[in-house]
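Down below is the structure, laid out as structure tokens.
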Amino acid sequence: MRWFLEGDEVSSRFLSEQELQLNSIDDVNAWKPCAVFVPGNVVPSFIPGLKVAVFHGFNAGKINRRGRLDHFEIRGCFDLYCTQGPETTTPFKKLADKYKYFEVVETGWPTLDPLFENDESNPYVDHDDERPTILMCSTFSRNLSCAPILFDKIKELSDKGNWRWLIQFHPKMPQEIVDKYKSLQNDNVKFIETDNVLPLLKAADVMLCDTSSVLIMFLMLKKPVVTFRNQSPEPHLINITEVDDLEASLMEALHMSTEHKVRIENYVDHIHPYKDAHSSVRVVEAANEFLDVGENKRKPLNLLRELKLRKKLGYWKV
């Protein structure tokens with residue numbers, strides 16, 4: 001196995017000593033991968049191998065500029081979609097019937113495997129602090145982010161000292177917002193910059209969020225989420241639209257009702273029913289089975305996307 005990392009949002013410093021990196025498209029092509037696992041939306045056709053979509057998040061209900069659900073946008077890049085659960089499997093199978101050139105296998109999401117493994121230690125758990133822990137996460141999108149709007153209220157609530165706050169934002173969050181929240185840090189508030197949110201999710205009792213897909217990962221632990229002006233305010237969320245309702249909604253989450261627990265459990269089973277930490281294994285098995293018995297069907301030609309990817313990667317060889 002080899003890694004090819006592209007873009008400013010990823011860094012090789014997160015690879016372990018055992019993980020080897022390919023540094024160019026020429027290196028990738030020389031390696032001749034039989035399968036390419038992509039946690040993104042696109043992959044160049046000039047890279048060889050079976051193209052497998054493993055997703056970089058759950059369906060958070062975000063609508064793209066074409067007015068369609070972005071999670072189910074078909075871009076003509078993949079041979080195999082490894083879906084997370086019934087909620088995504090059913091729509092993708094319908095799309096597979098429509099487009100005819102890719103397959104769909106429900107595997108669960110590999111990213112969540114560590115979420116269901118036992119941790120020997122968690123750096124964000126403070127065993128000497130018995131206060132409830134609130135984890136605030138927010139997307140960077142100006143139209144969706146709760147961070148700019150809730151700052152004053154978060155400062156007010158954190159100053160009370162009733163709860164312990166952990167705050168983590170999307171890497172693309174504007175720096176001025178990040179700096180404002182960093183200024184809140186004290187014994188009640190810790191701002192955390194990390195590429196691995198899973199320990200944070202395990203450490204918190206309640207999440208405060210907006211329309212970021214990270215909230216779905218938190219729900220997998222069957223813990224409550226308070227959202228601010230969520231685009232799809234489903235019953236498994238405690239959604240508010242007014243800043244002044246925040247404290248009461250967090251109190252409601254900390255004293256979650258049996259009915260709300262059931263709503264979360266039903267939602268989780270529909271989104272991602274796999275709790276065995278073996279989704280990665282199922283993805284590899286699905287790819288191997290496709291390679292053994294499947295037939296790569298010709299994907300649609302998209303010259304504009306091909307040119308954009310070649311320009312982005314600086315690769316013009318045939």
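With respect to the conditions (1) surrounded by fewer than 13 Cβ atoms within 10 Å (Cβ to Cβ); (2) at pLDDT 95 or above, Asp128 falls short on a single one, namely (2). Checking the stated criteria, Val28 turns out to be part of a helix (DSSP H, G or I) and either among the aliphatic types (A, V, I, L, M) or in contact with a Cys (Cβ under 7 Å, 6 or more places away or on another chain) (or both).
The residue that is surrounded by the most Cβ atoms within 10 Å (Cβ to Cβ), counting only those in segment 186-207 that are polar (S, T, N, Q) and in contact with a strand residue (DSSP E or B) (Cβ under 8 Å, 6 or more places away or on another chain), is Asn188. Checking each residue in segment 298-314 for being assigned to a loop (DSSP other than H, G, I, E, B) and under 29 Å from the mean Cα position of the chain (by Cα) picks out Lys299, Pro300, Leu301, Asn302, Gly314. Taken across segment 90-105, residues that are under 26 Å from Met220 (Cβ atoms), surrounded by 12 or more Cβ atoms within 10 Å (Cβ to Cβ), free of Cβ contacts under 8 Å to residues at least 24 places away in the same chain and among the aromatic types (Phe, Trp, Tyr) do occur, with at least one present.
Specify the residue that is nearest to Ala203 (Cα to Cα); the eligible residues are those in segment 139-192 that are aromatic (Phe, Trp, Tyr) and not in a loop (DSSP other than H, G, I, E, B). Per the criteria, the residue is Trp165. In segment 5-23, the residues that are at positive phi never reach a residue that is among the aliphatic types (A, V, I, L, M) with C-beta atoms less than 9 angstrom apart, at least six apart or across chains. From the list Asp244, Asp210, the one residue that fits, being in the same structural domain as Trp163 (by TED's automatic domain parsing), surrounded by fewer than 14 Cβ atoms within 10 Å (Cβ to Cβ) and under 30 Å from Asp152 (Cα atoms), is Asp244.
Does segment 139-152 contain at least one residue that is farther than 30 Å from Arg65 by Cβ and out of contact with any Phe, Trp or Tyr (no Cβ under 9 Å at 6 or more places or on another chain)? The answer is yes; a qualifying residue exists. On the stretch given as segment 141-154, residues that are farther than 15 Å from Ser212 by Cα and either aromatic (Phe, Trp, Tyr) or out of contact with any Leu (no Cβ under 6 Å at 6 or more places or on another chain) (or both) total 5. No other residue among Thr211, Thr227 is part of a strand (DSSP E or B) and either touching a helix residue (DSSP H, G or I) at 6+ places or on another chain (Cβ under 8 Å) or under 26 Å from Pro114 (Cβ atoms) (or both) apart from Thr227.
Give me the residue from segment 60-82 that is part of a strand (DSSP E or B) and over 19 Å from Ser232 (Cβ atoms) and, out of that set, farthest from the chain's Cα centre (by Cα). It comes out as Leu80.
The values are calculated or read from the model by the stated rules, or taken from the named source; none is laboratory data. Everything quoted here is computed from the prediction, not taken from an experiment. Neighbour counts run over all protein chains shown; Cβ positions are idealised from the backbone, glycine included.
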